[in-house]
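Trainee: Okay, here's the structure, questions in a sec.
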Amino acid sequence: MHGPASSGWLLVALCAATGTYCLLRMRSRLEEQRRAAGGEALMGFGMAAMAVPAAVFTPPGWAWAAGAVVFGAAGLHALRTVRAGACHLHHLIGTGAMVHMALTMTTAPAHGHAHGPGGSGTPLLTGALLLYFVAYVLVTGVRLVPAAAAEGSGRDLGWRDRPELARACRLSMALAMVAMLPAM
């Protein structure tokens, strides 16, 4: 991702923290939490790697292609499990966005913008993904506040088993995606 270094580092911190929490959720008592946590951890760490400012580290061209392959495989897994619920559909769209960003970065000139004048990106797809993630952020943000009070009352859940924390992780990754897509 190309953009200001300070916002890049904030995205790195946000996505790495989210990925770390999702790794910890893989030890949850609830099967539903464990099932989704691995893919979300992969997304968090992948987004953290993409958000490192280009002025600090520019990965070799093959790294973006490798990322596209990894997220393509994660997308195939999400496609296989999409019938299990809407959360998996969101994972499928998220992995598709990661593949799109990785492939765009393989064709981006070093330290340039892929969607700038003469860029080789796919602005229509980027715009559609951006609209999806903005809508996801708005809907999830509205649902998050009341869910914390309703779901937490009367239940003895550990911090890894809290559904509202899982939603907050998805919300933070969607916010990061809203920041990263236009900066490509």
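None of the figures in this text is laboratory data; all of them are computed from the coordinates on show. As the structure is a prediction and not an experimental result, all values here were calculated from the model. Note that each Cβ is placed from the backbone with ideal geometry, even for glycine, and that neighbours are counted across all protein chains shown.
Trainee: Please compute the length gained on full extension between Thr107 and Leu89, using 0.36 nm multiplied by the number of residues separating them and subtracting their Cα-Cα distance.
Mentor: 3.7 nm
Trainee: Taking 0.36 nm per residue of separation and subtracting the Cα-Cα distance, what length does fully extending Ala16 through Ala55 add? Could you put the intermediate results ahead of the total?
Mentor: Working: separation 39, 0.36 × 39 = 14.04 nm, distance 1.92 nm.
Contour length minus Cα-Cα distance gives 12.1 nm.
Trainee: I would also like to ask the following. Fewest to most neighbouring Cβ within 10 Å: what's the order for His91, His100? Mind showing how you got there, number by number?
Mentor: Working: His91 24, His100 20.
Going from least to most buried by this count: His100, His91.
Trainee: Something else about it: Once the piece of chain linking Leu30 and Ala135 is laid out straight, how much longer is it, given 0.36 nm per residue of separation minus the C-alpha distance between them?
Mentor: Values: separation 105, 0.36 × 105 = 37.80 nm, distance 2.79 nm.
Full extension of this stretch gives 35.0 nm more.
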